[in-house]
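The values are calculated or read from the model by the stated rules, or taken from the named source; none is laboratory data. Fair warning: this is a prediction, and the values are worked out from it, not measured in the lab. Ideal geometry is used to build each Cβ from the backbone, glycine not excepted, and the neighbour counts take in all protein chains shown. Ligands, DNA and RNA are excluded from the accessible area calculation, which covers all protein heavy atoms including side chains. Shrake-Rupley method; radii C 1.70, N 1.55, O 1.52, S 1.80 Å.
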Amino acid sequence: MKLRYFSHSAFQFTSASGKIILIDPFITGNPTSPVKEKELNAHYIVLTHAHGDHIGDAFSIAKRCGSTFICVNELANYCASKGFKAHNMHIGGGYNFEFGRLKFTIAHHGSSTPDNIYGGEPAGVILSIDGKNIYHTGDTGLFYDMKLIGEMHSIDYMLLPIGDNFTMGIDDAVKAVELTNPKIAIPMHYNTFPVINADPYEFKKKVESIGKRCRVMEFGEVIDL
Ligand code: NI
Ligand code: MN
């Protein structure tokens, strides 16, 4: 499986079977994105919540590619109301897709669409693809149940926000890594806008100081998981 990071919370997974899954594809209007919306393709688009910096370019990509949305019920219904294919799920539920398993977790945040429609509860997501478990926390504050998530799922890669203001900042994110105990932590949701400026290498240093591993991905970088 390949993982590509586009900055903010936007990632692309490509499974060994060639299925492309995008999460929170915020590209247009994202000053840190290294790609244009037209360069992206997706079989599936996962949205952690309805905020504009997470829905991003999802509709234009889905229109061009015929992608299927995977979201919590209210947000999936919103996507379906725009004419898109959607798979409705909710927090605590998992489902075996053709690319692997996907399960939604809690996240402490908000979720209304840019046109102010309630988007259901915000969520995190655990993807199990090609034998690896990846936990994308979505936008969230720190919560103690991350310990339970780590105990239940043996997380290989944890993608988590460090930008503060709207989400966890660096110190809370380090605690989140301690609680979840992933093999490798990857920071996200920072430096997109001045209000969420944070130094990912300060985060890395602090994660390593508690005996854990961190990988800072460059914006646009692809890694093999
Ligand atoms: Ni948000
Ligand atoms: Mn956000």
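Pairs of Cα atoms nearer than 8 Å and 6+ residues apart set the relative contact order; for the chain it is 18 percent.
Under the convention that each Lys and Arg Cβ holds +1 and each Asp and Glu Cβ holds -1, the size of the dipole of the chain around its Cα centre is about 580 debye.
Restricting the chymotrypsin sites (Phe, Trp or Tyr not before Pro) of the stretch 96-167 to loop positions (DSSP other than H, G, I, E, B) with no more than 13 neighbouring Cβ atoms within 10 Å leaves Y144. Adding -39500 (n - 2.57) for every DSSP H run of four residues or longer, then dividing by how many residues the chain holds, sets the calculated 222 nm ellipticity at -6000 deg cm²/dmol.
The relative contact order of the stretch 81-173, computed from alpha carbon pairs under 8 Å that lie at least 6 residues apart in sequence, is 20 percent. The residue among L225, P187, L47 whose Cα reaches farthest toward the positive pole of the charge dipole of the chain, with charges on the beta-carbon of Lys, Arg, Asp and Glu, is L225. Counted residue by residue at 0.36 nm each, then reduced by the alpha carbon distance between them, the extension gain from A80 to I117 reaches 12.0 nm. For the chain, rounded, prolate or oblate, judged on the Cα gyration tensor with a ≥ b ≥ c (square roots of eigenvalues), a/c < 1.5 rounded, else prolate if a/b > b/c? Since a/c stays below 1.5, the shape of the chain is classed as rounded.
Within the same chain, lysines fewer than 8 places from K212 are excluded, and of the rest, those with a Cα less than 27 Å from its Cα are K2, K103, K132, K147, K175, K183, K204. R101 exposes around 90 Å² of accessible area when a 1.4 Å probe is run over every protein chain in place. Taking the DSSP bridge list for the chain and keeping only pairs wholly inside it, about 55 percent are antiparallel. Solvent exposure of S154, expressed as accessible area, is near 70 Å², computed with a probe of 1.4 Å over the protein chains only. Report in % the part of the accessible area of the stretch 2-224 that belongs to carbon and sulfur, leaving out ligands and nucleic acids; probe 1.4 Å. C and S fraction of accessible area: 50 percent.
For the stretch 116-225, the solvent-accessible area with a 1.4 angstrom probe is 43 square angstrom per residue.
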